[in-house]
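Reviewing the structure listed below.
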Amino acid sequence: MVIEMSNSPVIAFLNKMTDLILLNILWIICCLPVITAGAATSAAYYVSITSIRCGDGYVIRRFFNGFKSSFRQITPVWLGLLAAGFILLADVFFWNRMGGGTGKIMLAVSVAIAFLLWTWSMWIFPVFAKFTGKRRELLKNAAAFAVGYLPYTVIVLVITGAVVYANLVSLVANSIMLFIGFALLTYVKSFFFYRVFMNHIDEKYDDFDNLEE
């Protein structure tokens, strides 16, 4: 009996792990300049969604295709999110130290705005990875997906929150994130994003079909 190694679940698992480790390394390296972190995150979703739709492999090629195609669009958005995040963080510290009735109210407002911004950002990067169009339209689509597919939004937030919490309390989790965790988290969340996106794109058409030609 001849065993097809390419069809072996073990081989498939090892190939997937190798792809995720490589994707994790690419993402970390491309995030180091900070200004490129937005494009790197979008590229990571590009690779993950592509692998779900078209199969594994071509990680480096897919990553840099996604990086180049989204850089101009996503970079101003990423820098805006980063600036807004720093401002909101400063607000939280300020109002928390102030205390009193006004301080508590403003602290709650700042936390609520930060949570909404975080929720929106969960959709922004995969939307820019999968769709094309004007920046403003893509941002509106990300907000519409976040609200229109609230159960998926909640699932993605819970998964992300659990990973963040694990990394705050465990050095083992930190090590996993550096080794494979960022890519694995992106890949898991991409399943939910993909299911949503396929409701708005004809599945017979796929904008990744010619990537390997």
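Structure data summary
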| quantity | calculated |
| --- | --- |
| Restricting segment 47-63 to residues that are over 16 Å from the mean Cα position of the chain (by Cα) and either assigned to a loop (DSSP other than H, G, I, E, B) or of a type in the set (Phe, Trp, Tyr) (or both), the residue that is surrounded by the most Cβ atoms within 10 Å (Cβ to Cβ) | Tyr58 |
| Which listed residue is open to solvent by 20 Å² or more (accessible area, probe 1.4 Å) and part of a helix (DSSP H, G or I), from Ala12, Ala43, Ala39 | Ala12 |
| Output for segment 142-184, where each listed residue is of a type in the set (Gly, Ala, Ser) and either open to solvent by less than 70 Å² (accessible area, probe 1.4 Å) or touching a residue at least 40 places away in the same chain (Cβ under 8 Å) (or both) | Ala142, Ala143, Ala144, Ala146, Gly148, Gly161, Ala162, Ala166, Ser170, Ala173, Gly181, Ala183 |
| Selection count where residues are open to solvent by 40 Å² or more (accessible area, probe 1.4 Å), among the β-branched types (Val, Ile, Thr) and modelled with pLDDT of 95 or more, scope segment 117-141 | 0 |
| Boolean, Thr102 is surrounded by fewer than 20 Cβ atoms within 10 Å (Cβ to Cβ) and of a type in the set (Ser, Thr, Tyr) | yes |
| Test: residue in segment 77-92 that is over 18 Å from Val34 (Cβ atoms), surrounded by fewer than 12 Cβ atoms within 10 Å (Cβ to Cβ) and not aliphatic (A, V, I, L, M) | no |
| Selected residue (only one of Arg135, Arg97 is within 24 Å of Ile35 (Cβ to Cβ) and among the basic types (Lys, Arg)) | Arg135 |
| Pairs with Cβ under 9 Å, 6+ apart, first in segment 68-81 and within 12 Å of Ile124 (Cα to Cα), second open to solvent by 60 Å² or more (accessible area, probe 1.4 Å) and outside any helix (DSSP H, G or I) | Gln73/Thr132; Gln73/Lys134; Thr75/Ile35; Trp78/Ile35 |
| Residue that is surrounded by the fewest Cβ atoms within 10 Å (Cβ to Cβ), among those in segment 64-76 that are among the polar types (S, T, N, Q) and under 20 Å from Asn24 (Cβ atoms) | Asn65 |
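The values are calculated or read from the model by the stated rules, or taken from the named source; none is laboratory data. This one's a predicted model, so the numbers in the text were calculated from it and none came from an experiment. Positions of Cβ are generated from backbone atoms using ideal geometry, with glycine treated the same way; all protein chains shown enter the neighbour counts. What goes into the accessible areas is simple: the full protein's heavy atoms, side chains included, and nothing from ligands, DNA or RNA. Shrake-Rupley method; radii C 1.70, N 1.55, O 1.52, S 1.80 Å.
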